[in-house]
């Protein structure tokens with residue numbers, strides 16, 4: 001019989017998880033059908049995929065249905081705090097139901113709580129804990145249904161219910177640290193425009209993107225294209241406004257992924273812009289652009305392309321094909337550029353599960369300066385299906401800024417920026433929880 005974890009109180013359990021370096025801790029009360037044969041139910045949406053770090057989301061090549069899976073770096077914590085890896089553990093998302101389940105959690109593991117997960121003998125009311133380590137490991141444990149900690153959790157202060165999980169505080173709250181830092185930046189008032197180089201040196205900055213660079217420099221963030229969140233699990237999104245009393249009409253760039261297939265990928269950006277772009281509208285010689293707001297189902301008047309959610313049913317909110325994605329299509333159905341759903345899902349879940357949106361104002365005289373507002377928006381918990389639904393309804397749109405200069409030269413110069421954008425007033429549609437916080441009151 002497995003040698004189970006022995007703890008008496010919730011405080012004991014939290015201390016043990018904290019000693020392992022865990023920074024987030026969740027608990028789920030298991031139903032009778034949450035077992036090793038029927039898997040463990042984690043919810044009815046992609047949201048569970050954002051709570052736990054994964055080793056990448058992929059579609060199941062052996063199933064005709066659009067089933068998505070994600071491997072976990074998963075360990076069972078047993079007696080004395082010993083850890084045992086369960087290398088086959090994965091999250092499985094079944095869009096046709098929809099539901100998310102945990103599977104493979106005992107396969108290949110030398111010591112796990114197999115008796116508490118046996119279909120024949122397991123009891124409803126067991127307590128399963130998921131500890132999230134900053135390095136991506138998931139450390140899990142199970143307590144029997146009779147354990148007193150269940151009652152403690154239900155009556156403890158500071159514990160939130162998130163769908164089917166309870167979130168149990170462990171150590172300092174990264175959200176509180178973030179809000180304190182944002183307050184500090186706000187109180188600095190106007191600051192000189194700048195950016196950090198790759199070595200961390202402060203450099204002057206004088207272009208339209210400097211509001212973000214100046215803000216990031218306050219956090220010591222260097223421009224590196226890192227796919228991880230900016231600050232302790234939080235993605236930071238600065239956006240410009242004219243007044244801090246008008247925060248809902250600005251445009252925010254959510255992500256800038258390069259197309260992964262279509263004419264853009266097979267023929268290159270130069271041929272793509274020559275074929276689907278247009279001469280510079282300001283009359284700049286030897287320059288071609290590819291830009292403009294592209295919304296789902298609407299043919300763009302200049303590029304003649306239609307943004308399409310291939311095999312996504314807007315009525316039911318379901319992905320119908322595992323190989324489908326977002327595409328720019330010609331009238332004949334040719335792919336000009338495409339992004340696979342699973343690639344976008346990986347990026348969105350990893351980068352945007354928790355995001356802070358901070359307004360900024362810019363002054364140009366006597367030199368470029370920025371200040372940052374005290375009213376910030378905090379988005380927590382994403383479901384990629386919400387992202388697709390927002391695109392289907394025209395809230396998120398494709399607004400590229402791609403150009404080819406010196407187009408007639410042997411080696412033209414290019415700029416690539418495939419932007420998916422949203423109005424700040426529509427952000428709440430993308431998150432399971434959206435709150436507006438006055439950082440002067442925290």
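FYI, it's all coordinate maths here, none of it is from the lab. As the structure is a computational prediction, the values presented were derived from the model and not from experiment. Cβ coordinates were reconstructed from backbone atoms using ideal geometry, including for glycine residues, and neighbour counts include every protein chain displayed.
Things to note:
- When Rg and Dmax of the Cα atoms in Å is calculated for this entry, the matching label among (1) 24.3, 78; (2) 20.6, 64; (3) 21.6, 67 is (1).
- The stretch 309-371-the stretch 58-95 distance, computed between alpha-carbon centres (Å): 26 Å
- Each of 58, 272 has some number of other Cβ atoms within 10 Å of its Cβ, and from fewest to most they run 58, 272.
- Dividing the helix sum by the residues of the chain, where each DSSP H run of 4 or more adds -39500 (n - 2.57), gives a mean residue ellipticity at 222 nm of -5000 deg cm²/dmol.
- The antiparallel fraction among DSSP beta bridges confined to the stretch 174-441 stands at about 90%.
- Sequence of 371, 210 once ranked by neighbouring C-beta atoms within 10 Å, starting from the fewest: 371, 210
- Cα gyration tensor category, rounded, prolate or oblate, for the stretch 354-442 with a/c compared to 1.5: oblate
- Each of 392, 276 was scored by other Cβ atoms within 10 Å of its Cβ. Listed from fewest to most, they are 392, 276.
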